[in-house]
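Remarks on the structure that follows.
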Amino acid sequence: QLQLKESGGGLVQAGDSLRLSCADSEGDFRTTTMAWFRQAPGKEREFVAAIAGSSTYYSDSVKGRFTLSRDNAKNTGHLQMSALKPEDAGVYYCATKPRGRGNTQDRNAYNYWGQGTQVTVSS
């Protein structure tokens, strides 16, 4: 059984909104950073957003359009995506790491990953 389970992907039109969720069955929100990465066909997996405590981090490409929050009681993170663009499409992966380990935007710093959820944005 995977520790991280994503949900909420789907097919939307450009300009629409979508919310992804990541349920962490074993991690401790007090000591972990939760992040979202995405991977489009033929491209490398790239950082999207991360949350550690009350601090959030976003890539320049999504800043102002995406919001990452965390429900600590349920140990679940939510990525609210608005004003979606075709270039936002890809498989979105949730990941966690111990706080302070490596660079927050570096996928190699994360040691737990979900299976991914597909986001498709039609123009």
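Selection over the range 77-92 of residues that are of a type in the set (D, E, K, R) and surrounded by 16 or more Cβ atoms within 10 Å (Cβ to Cβ) gives a count of 1.
Among the residues making up the range 78-123, those that are of a type outside the set (D, E), closer than 25 Å to G53 by Cα, over 11 Å from the mean Cα position of the chain (by Cα) and part of a loop (DSSP other than H, G, I, E, B) are S82, R99, G100, R101, G102, N103, T104, Q105, Y110, N111, Q115. Only one of the numbered conditions (1) under 19 Å from G9 (Cα atoms); (2) of a type in the set (S, T, Y); (3) surrounded by fewer than 18 Cβ atoms within 10 Å (Cβ to Cβ) is not met by Y57, and that is (1).
Can you find a residue in the range 7-23 that is free of Cβ contacts under 8 Å to residues at least 60 places away in the same chain, under 11 Å from the mean Cα position of the chain (by Cα) and within 20 Å of K85 (Cα to Cα)? Checking the range 7-23: at least one residue is free of Cβ contacts under 8 Å to residues at least 60 places away in the same chain, under 11 Å from the mean Cα position of the chain (by Cα) and within 20 Å of K85 (Cα to Cα). Restricted to the range 1-73, the set of strands (runs of 3 or more DSSP E) holding at least 1 residues that are polar (S, T, N, Q) comprises 4-7, 10-13, 18-24, 32-39, 55-58, 66-71.
Within this structure, S122 fails the test of being open to solvent by less than 50 Å² (accessible area, probe 1.4 Å), over 21 Å from L2 (Cα atoms), out of contact with any Pro (no Cβ under 9 Å at 6 or more places or on another chain) and polar (S, T, N, Q).
Given the structure, is A95 among the hydrophobic types (A, V, I, L, M, F, W, C), open to solvent by less than 20 Å² (accessible area, probe 1.4 Å) and under 18 Å from L2 (Cα atoms)? Here the answer is yes, as A95 does meet what is asked. K74 - would you say it is loosely packed, with under 14 Cβ neighbours inside 10 Å, touching a residue at least 12 places away in the same chain (Cβ under 8 Å) and farther than 23 Å from R30 by Cα? Criteria not met by K74. Among the candidates G42, G64, the residue that is under 18 Å from T117 (Cα atoms), open to solvent by 70 Å² or more (accessible area, probe 1.4 Å) and free of Cβ contacts under 8 Å to residues at least 12 places away in the same chain is uniquely G42.
Selection of the range 1-39 for residues being open to solvent by less than 40 Å² (accessible area, probe 1.4 Å) and β-branched (V, I, T) yields V12, T32, T33.
The values are calculated or read from the model by the stated rules, or taken from the named source; none is laboratory data. Because the structure is a prediction, the values reported are computed rather than measured. As a convention, Cβ positions derive from the backbone with ideal geometry for all residues, glycine included, and neighbour counts pool all protein chains shown. Side chains are part of the model used for accessible areas, which takes the heavy atoms of the whole protein and leaves out ligands, DNA and RNA. Shrake-Rupley method; radii C 1.70, N 1.55, O 1.52, S 1.80 Å.
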